[in-house]
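Below: one structure, written as structure tokens.
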């Protein structure tokens, strides 16, 4: 009887020892993962900051102006070039210039149909 | 014998039992101690030992980024490594010094050795802000007591742009100048409100600056300095309703990313820390004062035929009309005689009282700490009052002058200027009425007139309804007014029917050019510069152009002239 109890206890010790060990092992793994993800987050944050700084530096108005002057034929907008919406309304034709539906054509509809 | 043996046996058995009990007690205690330590180790993780000096260095709240009103980064932190050592833990100082100087050739071995030989110190920096390669090189030496920490380094991606406003920090990222200093000192509560200690991060500090406007201002002023061979210059763009400063340029400027920032006298912030006699620009204040006290109206007349004599001083006009002038004529011709007479009619006491109400007698305080106190005459007599009326003998920082003129034009409410973002509602709470609404209306009329037909006509960008006043002050050289060293300025606003933005431009010692017909007064340099700035910033700021029939006729004439010129050319 005493032997049986002893044997059971020994087995219980072994089983609980193994369970404890594997639990510990898994916890360690999870902790490592958390630490790794935390590090990755902070690294990503650093990278975002660095890229933001770089973006800000690359889009300096001074640099954009220099590039525009060298490569584009644009000029500063003069006051006379601004047109109000009311002025635009005058130029809107009363009739639609191209009547696609009457001609039985619908290019965008055709594309959509093709995709289906 | 037997009795003796019994005697011996008895206590002997009892002694044996005690020994076993003692032993088992000892084992129980030993196992308990082991179990206790085991629990301590597994359940309560032991804290890593950190250097207290290092911990203090790392636990600081992160410094907020500085962004402009559209979220563009003006200042941010990037991670860099810094190498440190704990002299107590280094076994062989000589060997360590040899290895470190081999890896980092620019570290002074002698100095390092001395510092490492201080046995009481627990913490010294070997080198701050090193490259990743240098960090790895030293770390791989494997010297005990030598380590690195990831530190933050302040960088200014926009470079020189708005450097005077943003300011800069030292190697410990402590603010030394500009908004950076404000974040550490007066604005510490604001800075703390941005920080989020849970995530160890901070929201960015939003400035009122708009980098696009800032660039245009800097670009045009620097072009003007080159063109007119001026020694310095500057400009400010301010929102008239909220007091927000959209741009503030002071040239020559400096690079905040450079390691050494020993600024020369010319590189100081002319707009805030310099005080200048703004000359005729100040006449606007005198006019507003005379209107506000009801001393003059638009139809009043002043005799400007003869110089004004006070004691043994004579006040002359720069280009005298030598006739009786009406109030608008005094403004557009910038008559010293007329303006001085106006101030004398108001009286010395009321003159002082009015300037105090404008805040022109006190130091203007904004977030940027480098501000200067106005320079006032020591004795305020009749002559001083007369000269102050046209801006002589009275020097203020340009921003202060602009803020007052903005108040005269926006309906009469003074809004303290700010470099931080501010809403209209917040501004309304701070606004203080300093002149009547009707006075402000008259001032707008005069400013607009002066840009249409007066001395500021070269800034009149057709369509944007500009109003302005010019100023040409002779610089004081060796206690006397110099005839050929001038400070020219323009102060104005647009659109004039309901001003939204005020602009100030200043050039220090512009030289006459052949194309300016030998003139170096404001109308020939500061004013056209202001015109160019307005033409570029007005569309950005959403000011809609409007044209009257007169404007259209002017434009047609301009186009014709240009065509004729092209044909001839």
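The values are calculated or read from the model by the stated rules, or taken from the named source; none is laboratory data. All values reported here derive from a predicted model rather than from experimental measurement. Cβ placement follows ideal geometry from the backbone for every residue including glycine, while neighbour counts extend to all protein chains displayed.
So, residue A:51, is that one more than 23 Å from residue B:212 (Cβ to Cβ), without any contact (Cβ under 8 Å) to a residue 24 or more places away in the chain and either more than 14 Å from chain B (Cβ to nearest Cβ) or out of contact with any strand residue (DSSP E or B) (no Cβ under 9 Å at 6 or more places or on another chain) (or both) or not?
no
In the range B:122-135, what residues are out of contact with any helix residue (DSSP H, G or I) (no Cβ under 9 Å at 6 or more places or on another chain), outside any strand (DSSP E or B) and surrounded by 14 or more Cβ atoms within 10 Å (Cβ to Cβ)?
B:135
Would you check if there is a residue in the range B:69-83 being on the phi > 0 side of the Ramachandran plot, modelled with pLDDT of 85 or more, within 14 Å of chain A (Cβ to nearest Cβ) and in a loop (DSSP other than H, G, I, E, B)?
yes
Enumerate the pairs (first residue in the range A:81-102 and over 18 Å from residue B:542 (Cβ atoms); second residue anywhere and modelled with pLDDT of 70 or more and surrounded by 10 or more Cβ atoms within 10 Å (Cβ to Cβ)) with beta-carbon separation below 8 Å, excluding pairs fewer than 6 apart on the same chain, so at least 6 apart or on different chains.
A:100/A:106
Filtering the range B:188-205 down to residues that are farther than 16 Å from residue B:421 by Cα and touching a residue at least 40 places away in the same chain (Cβ under 8 Å), which residue is farthest from the other protein chains (Cβ to nearest Cβ)?
Per the stated criteria, the residue is B:192.
Tell me the residue from B:269, B:297, B:322, B:255 that is out of contact with any helix residue (DSSP H, G or I) (no Cβ under 8 Å at 6 or more places or on another chain) and either assigned by TED's automatic domain parsing to the domain that holds residue B:76 or part of a loop (DSSP other than H, G, I, E, B) (or both), please. Walk me through how you get there before you give the answer.
Details: B:269 fails: out of contact with any helix residue (DSSP H, G or I) (no Cβ under 8 Å at 6 or more places or on another chain); B:297 fails: out of contact with any helix residue (DSSP H, G or I) (no Cβ under 8 Å at 6 or more places or on another chain); B:255 fails: out of contact with any helix residue (DSSP H, G or I) (no Cβ under 8 Å at 6 or more places or on another chain).
Every option except B:322 fails the conditions.
Tell me, which residue of the range B:364-397 that is touching a strand residue (DSSP E or B) at 6+ places or on another chain (Cβ under 7 Å) and over 21 Å from residue B:506 (Cβ atoms) is surrounded by the most Cβ atoms within 10 Å (Cβ to Cβ)?
B:386
Can you tell which of B:288, B:284, B:202, B:247 is within 27 Å of residue B:429 (Cβ to Cβ) and not assigned by TED's automatic domain parsing to the domain that holds residue B:425?
Answer to the check: B:202.
Kindly evaluate residue A:61 against the criterion of being surrounded by fewer than 11 Cβ atoms within 10 Å (Cβ to Cβ) and touching a helix residue (DSSP H, G or I) at 6+ places or on another chain (Cβ under 7 Å).
Criteria not met by residue A:61.
Listed residues A:60, A:39; which is within 12 Å of chain B (Cβ to nearest Cβ) and farther than 30 Å from residue B:42 by Cβ?
A:60 is the lone residue from the list that is within 12 Å of chain B (Cβ to nearest Cβ) and farther than 30 Å from residue B:42 by Cβ.
Looking at the structure I just gave you, is residue B:89 more than 25 Å from residue B:153 (Cα to Cα), away from chain A (no Cβ under 14 Å) and out of contact with any strand residue (DSSP E or B) (no Cβ under 9 Å at 6 or more places or on another chain)? Break it down stepwise before answering.
On the way: more than 25 Å from residue B:153 (Cα to Cα): yes; away from chain A (no Cβ under 14 Å): yes; out of contact with any strand residue (DSSP E or B) (no Cβ under 9 Å at 6 or more places or on another chain): no.
Spelling it out, it is not the case that residue B:89 is more than 25 Å from residue B:153 (Cα to Cα), away from chain A (no Cβ under 14 Å) and out of contact with any strand residue (DSSP E or B) (no Cβ under 9 Å at 6 or more places or on another chain).
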